[in-house]
1. For region 1-36, how many residues meet the condition of being more than 22 Å from residue 91 (Cα to Cα), surrounded by 15 or more Cβ atoms within 10 Å (Cβ to Cβ) and at pLDDT 90 or above?
2. Given the criterion farther than 13 Å from residue 155 by Cβ and either surrounded by fewer than 17 Cβ atoms within 10 Å (Cβ to Cβ) or free of Cβ contacts under 8 Å to residues at least 40 places away in the same chain (or both), identify the matching residue among 127, 104, 133, 137.
3. Give me the strands (runs of 3 or more DSSP E) completely within region 53-149, filtered to those with at least 3 residues that are at pLDDT 95 or above and under 21 Å from residue 181 (Cβ atoms), ordered by residue number.
4. Kindly check whether there is at least one residue in region 161-178 that is under 18 Å from residue 124 (Cβ atoms), surrounded by fewer than 18 Cβ atoms within 10 Å (Cβ to Cβ) and touching a strand residue (DSSP E or B) at 6+ places or on another chain (Cβ under 7 Å).
5. Please find, within region 39-52, the residue that is farthest from the chain's Cα centre (by Cα) out of those that are surrounded by fewer than 19 Cβ atoms within 10 Å (Cβ to Cβ) and assigned to a loop (DSSP other than H, G, I, E, B).
């Protein structure tokens, strides 16, 4: 759904907060059974998000069945101070056989967005989608099927990724923005995550661990 993709990317929220330099800026403290500041945006049906114990540690479970909805958190981050985005995730049920570069296949078992608002010029909004792809090779980059090059997709995990295993990610978002958009962007304005299956009508089950920005 075109509206789905663009709506999540073009969230223009009024009260941004800039965080001073800290060694760690938390966004998702799921291991503490907390969802503070996270809001749900539904596009078609509801992916069921809930805090569940996985191996004795709380995590965010996402269960999607022919549905598409995401969680987002507005939090302005100074990438000059804390450029590294850190998180862990695991997939229990993957999506496969999709052409993920097409609108019909634009579904993912797990994805984490970073969003740079375009202000009144909403068409200047930019986003990177770090995705757990089901049918695209790891490290592949492509423009989103709905939003074009305003939202670049980066497959951090591909079909070879093992299921039911926690995998850790650490990305220098400032460097990634420079590579993908050719601009030195200092601030991001929101982070979102989504497990979605509405285009393909499939099913996916994923878990997200804590999410934070760090200095190094």
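1. Number of matching residues: 2.
2. Result: 104 is the single residue among 127, 104, 133, 137 that is farther than 13 Å from residue 155 by Cβ and either surrounded by fewer than 17 Cβ atoms within 10 Å (Cβ to Cβ) or free of Cβ contacts under 8 Å to residues at least 40 places away in the same chain (or both).
3. 68-78, 108-116, 126-132, 141-144
4. No: zero hits.
5. Only one residue tops the list, namely 45.
Rundown of residues vs (1) touching a strand residue (DSSP E or B) at 6+ places or on another chain (Cβ under 7 Å); (2) buried (at least 22 other Cβ atoms within 10 Å of the Cβ), yes/no style:
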| residue | (1), (2) |
| --- | --- |
| 72 | yes, no |
| 83 | yes, no |
| 98 | no, no |
| 112 | yes, yes |
| 116 | yes, yes |
| 122 | no, no |
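Condition check ((1) in a helix (DSSP H, G or I); (2) more than 28 Å from residue 51 (Cβ to Cβ); (3) in contact (Cβ under 8 Å) with a residue 12 or more places away in the chain; (4) in contact with a helix residue (DSSP H, G or I) (Cβ under 7 Å, 6 or more places away or on another chain)) across all residues:
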position	(1), (2), (3), (4)
176	yes, yes, yes, no
179	yes, yes, no, no
185	no, yes, yes, yes
190	no, no, yes, no
195	no, no, yes, no
199	no, no, yes, no
204	no, no, yes, no
207	no, no, yes, no
211	no, no, yes, no
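The values are calculated or read from the model by the stated rules, or taken from the named source; none is laboratory data. Treat the numbers as computed from the prediction; the structure is a model and nothing was measured. In this analysis, Cβ positions are derived from the backbone assuming ideal geometry, glycine residues included, and neighbour counts consider all displayed protein chains.
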